[in-house]
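S.K.: This structure is in structure tokens; I'll ask about it shortly.
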Amino acid sequence: MKSLTRFGITTVVLVIGSLFTALGVFAQSDMGKVPREWQTVAEKTNYDRTGTYDQAVAYAEKLDAASPLIKYSTYGKSGEGRDLPLLIAASDGAFTPKLAREQGKAVVLVQAGIHAGEIDGKDAGFALLRDIAITKTRTKLLDHVVILFQVIYNVDGHENSNPYMRFAQNGPAEMGFRGNATNLNLNRDYMKADAPETRGWLKLWNEWNPDVFIDCHVTDGADFQYNVTYEYAHFQEVDPKIKDWMDEHFDKNVVPKIEKEGNIVTHYVEFAGREITSGIATFIATPRFSTGYTPLRNRVGLLIETHVYKPYKSRVRGTYDTLRYFIEEIGKARESLFAVDTIADTQTVERGKTYDPKRQFPLNLSVTDKATEMKFKGVEYSIQDSDISGGKMLVYGTTPKEYTIKKYDEGRVVDSVAPPLAYIIPPQYKDVIEVLKLHGLKMRTIRKPLTIEVESYHLTEPKWATSSFENRITLRTKPVAYSEKRTYAAGSVIVPLDQEGANVAIHLLEPAGPDSFVLWGFFDSIFELKEFGSGYALEKLAREMLAKDPKLKEEFDKKLLDPNFARNPRARLQFFYERTPYFLNQKQGVYPVGRITTPLK
């Protein structure tokens, strides 16, 4: 998913995968029980290869044709026009959201191949559905669960495949590319929804409203003994009841079963410093990530990260075991899961019915410096001087070693906001309104102009990134809140917050949000001046202003102490222009979205 070596140390792995082989921790394969014609490409090649897109679709369609438990479908198209393949596994014909709910079944959405080189989930998911529908060894998983399986999410990246896509990854022989056809990382797109794949995913989510989401990845960077790592939201970004449910049912009940299959499992690993002795700091996913987005929808989101240096077979089997036992637990504990989902949704809706300026909603979080100790199953390593880079390099050995290290796993809220009753958006911001609709948010359009008192922001100190990120130039600002009466034109859209998707609206429409519309550049034009003052006219006006306002002269004289300002004629004239009604009337940096905090009549 993301690099674990964050501080520039070169990493050298001496014998990739040899440690895992020596430890003998491969999960037991059921391959001997699987008819040859139902083995996946990975199984047929002893996990040397994974199938192509066409082979994957053919296998999916074959499952559909062979079993009444499987239905093949699609949920959108990629940038290059490929179908996004979906398998639905259900008993009793529960192939629609309506039937799944009527039968009291939990809906689990499993996503594979969002980063197409990290394709373990595809082969694990195929094997699991095959064992459900064909070999019948896992059929009972469908007693109380419907499985939606995104076979390959990033289908265009999957077909952009060769042996040199994932540096040092231990199989398969050829791997797909991280980005989609326009080089977007789909796991940074869940909020802004630029990619056609993301838009298809949101449509699928809104149609099914899954109870659990599972995203399958492969992590890279450091070496250690674990073949499976995982994470789920467990700070202030998620409803505490959902976090408690995962603590009880995944950490306590599922993880031991995964480990009994021979896997070595821990929470997601990201070093707090240069290497292991600096400890591990929990990664907090913002809503641009899949498992940062699902908490906003009041749903469980599980990240599976197998380990890049382990052989492909062990990674696929580890993913298989995680999916198998978690889906089994979801079926057993579905009633308690439904209960926490319902409570979280109800509280979100109820919160939106009243405005309380003291009630804060978290936007930005960070990990504190409070630490606990943990036993970490690493390998021996040394830090040596590099005559190649000229810096220090990590050299990993093959001998297992357990370390006692610090784990930083406490979150704190950095920025928060009191949610309004609703937001109102002018009609000209059509891209903003379209994205809100893609997220399934309910809204209403006003048919005549509306004059209303709103809260809003003056966005000060704008700073744009110096290079593009996910095809956008991101923007950081300092929002200054204020209230005023505004008139919104007919066609403006009101987004009420007494709805289940309210958390998504707050994150998108609050400028301080880590993945807000402001950050992603949807409102850049509000910072552009369109009218300017001519120099010769400003010279005359400036003298008149100084003569009338001693405080202004004092302020100007103070500014002249700055040598850069003093020798810049344009800046000196601009100082006066910015203090005229001509400048202020342009409303530079005034956020056009209003926060409605009193009930509308």
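S.K.: From the list L560, L509, L519, L497, exactly one residue is free of Cβ contacts under 8 Å to residues at least 60 places away in the same chain and under 20 Å from P479 (Cβ atoms). Which is it?
M.R.: One residue alone meets the criteria, L519.
S.K.: For residues that are among the small types (G, A, S), buried (at least 20 other Cβ atoms within 10 Å of the Cβ) and touching a Lys or Arg at 6+ places or on another chain (Cβ under 9 Å), tally how many sit in the range 468-511.
M.R.: The total comes to 2.
S.K.: Let me confirm something: among E159, E174, which residue is surrounded by fewer than 18 Cβ atoms within 10 Å (Cβ to Cβ) and at pLDDT 95 or above?
M.R.: E174
S.K.: Of the residues that make up the range 434-445, is at least one touching a residue at least 24 places away in the same chain (Cβ under 8 Å), of a type in the set (G, A, S) and more than 20 Å from I596 (Cα to Cα)?
M.R.: Scanning the range 434-445 turns up at least one residue that is touching a residue at least 24 places away in the same chain (Cβ under 8 Å), of a type in the set (G, A, S) and more than 20 Å from I596 (Cα to Cα).
S.K.: So, in the range 187-210, how many residues would count as being of a type in the set (S, T, N, Q) and either buried (at least 24 other Cβ atoms within 10 Å of the Cβ) or within 18 Å of D431 (Cα to Cα) (or both)?
M.R.: 2
S.K.: Would you please list the contacts, defined by Cβ atoms under 7 Å and residues six or more apart or on different chains, that run from a residue in the range 233-244 that is modelled with pLDDT of 95 or more to a residue that is hydroxyl-bearing (S, T, Y)?
M.R.: Every condition considered, the pairs that remain are A233/T291.
S.K.: Could you grab me the full set of residues in the range 62-94 that are farther than 17 Å from K203 by Cβ and among the aromatic types (F, W, Y)?
M.R.: The one that is farther than 17 Å from K203 by Cβ and among the aromatic types (F, W, Y): Y72.
S.K.: Would you pick out the residues in the range 31-44 that are within 15 Å of G171 (Cα to Cα) and in contact (Cβ under 8 Å) with a residue 60 or more places away in the chain?
M.R.: Passing the criteria: V41, A42, E43.
S.K.: Only one of (1) closer than 16 Å to P592 by Cα; (2) buried (at least 21 other Cβ atoms within 10 Å of the Cβ) fails for I526. Which number is that?
M.R.: All conditions are met except number (2).
S.K.: From V413, V432, grab the single residue that is at pLDDT 95 or above, in the same structural domain as A481 (by TED's automatic domain parsing) and outside any loop (DSSP other than H, G, I, E, B).
M.R.: Every option except V432 fails the conditions.
S.K.: Among the numbered criteria (1) out of contact with any Ser or Thr (no Cβ under 7 Å at 6 or more places or on another chain); (2) farther than 22 Å from L296 by Cα, which single criterion is violated by E174?
M.R.: Failing condition for E174: (1).
S.K.: So which residues in the range 561-588 are outside any helix (DSSP H, G or I), surrounded by 13 or more Cβ atoms within 10 Å (Cβ to Cβ) and at pLDDT 95 or above?
M.R.: N568
S.K.: Now for a different question. Suppose the filter is in the same structural domain as F149 (by TED's automatic domain parsing) and modelled with pLDDT of 95 or more; does Q55 pass it?
M.R.: Against the criterion (in the same structural domain as F149 (by TED's automatic domain parsing) and modelled with pLDDT of 95 or more), Q55 qualifies.
S.K.: Can you confirm whether G331 is surrounded by fewer than 20 Cβ atoms within 10 Å (Cβ to Cβ), in contact (Cβ under 8 Å) with a residue 60 or more places away in the chain and closer than 30 Å to R130 by Cβ?
M.R.: When the stated conditions are applied, G331 passes them.
S.K.: Additional query: What are the residues in the range 399-450 that are closer than 30 Å to G378 by Cβ, touching a Leu at 6+ places or on another chain (Cβ under 9 Å) and not polar (S, T, N, Q), if any?
M.R.: Hits for the range 399-450 are P400, G411, R412.
S.K.: Go through the residues of the range 447-456 one by one and say whether even a single one is modelled with pLDDT of 95 or more and either more than 30 Å from T354 (Cα to Cα) or of a type in the set (G, A, S) (or both).
M.R.: yes
S.K.: Kindly list the number of the only condition in (1) farther than 21 Å from H249 by Cα; (2) within 24 Å of the chain's Cα centre (by Cα); (3) not β-branched (V, I, T) that fails for P357.
M.R.: So P357 meets the others, but not (2).
S.K.: Report, by residue number, each residue of the range 184-231 that is assigned to a helix (DSSP H, G or I) and within 12 Å of the chain's Cα centre (by Cα).
M.R.: Of everything in the range 184-231, those that are assigned to a helix (DSSP H, G or I) and within 12 Å of the chain's Cα centre (by Cα) turn out to be L186, N187, R188, T198.
S.K.: On the given criteria, is Y408 more than 28 Å from the chain's Cα centre (by Cα), in contact (Cβ under 8 Å) with a residue 60 or more places away in the chain, surrounded by 16 or more Cβ atoms within 10 Å (Cβ to Cβ) and outside the structural domain of A222 (by TED's automatic domain parsing)?
M.R.: no
S.K.: Looking at T451, is it over 30 Å from D345 (Cβ atoms), surrounded by fewer than 16 Cβ atoms within 10 Å (Cβ to Cβ), more than 19 Å from the chain's Cα centre (by Cα) and among the hydroxyl-bearing types (S, T, Y)?
M.R.: Answer is yes for this residue.
S.K.: How many residues are within 20 Å of L63 (Cα to Cα) and assigned to a loop (DSSP other than H, G, I, E, B) if we restrict to the range 103-146?
M.R.: Residues flagged as within 20 Å of L63 (Cα to Cα) and assigned to a loop (DSSP other than H, G, I, E, B) within the range 103-146 amount to 9.
S.K.: Can you find even one residue in the range 81-93 that is surrounded by fewer than 23 Cβ atoms within 10 Å (Cβ to Cβ), in the same structural domain as A195 (by TED's automatic domain parsing) and of a type in the set (D, E)?
M.R.: yes
S.K.: OK, next. What residue, of V379, V413, is of a type in the set (A, V, I, L, M, F, W, C), touching a residue at least 40 places away in the same chain (Cβ under 8 Å) and surrounded by 16 or more Cβ atoms within 10 Å (Cβ to Cβ)?
M.R.: V379
S.K.: Looking only at the range 40-74, count how many residues are buried (at least 21 other Cβ atoms within 10 Å of the Cβ) and polar (S, T, N, Q).
M.R.: So the count comes out to 2.
S.K.: Given (1) in contact (Cβ under 8 Å) with a residue 60 or more places away in the chain; (2) buried (at least 21 other Cβ atoms within 10 Å of the Cβ); (3) in contact with a strand residue (DSSP E or B) (Cβ under 6 Å, 6 or more places away or on another chain), where does Y268 come up short, assuming only one miss?
M.R.: (1)
S.K.: Looking at D120, is it within 25 Å of H307 (Cα to Cα) and surrounded by fewer than 24 Cβ atoms within 10 Å (Cβ to Cβ)?
M.R.: Against the criterion (within 25 Å of H307 (Cα to Cα) and surrounded by fewer than 24 Cβ atoms within 10 Å (Cβ to Cβ)), D120 does not qualify.
S.K.: Okay, next question. Looking at F167, F149, F95, which is the one that is outside any helix (DSSP H, G or I), at pLDDT below 95 and out of contact with any His (no Cβ under 8 Å at 6 or more places or on another chain)?
M.R.: F167
The values are calculated or read from the model by the stated rules, or taken from the named source; none is laboratory data. Only a predicted model underlies this, so the values are computations on that prediction, with no experimental measurement involved. As a convention, Cβ positions derive from the backbone with ideal geometry for all residues, glycine included, and neighbour counts pool all protein chains shown.
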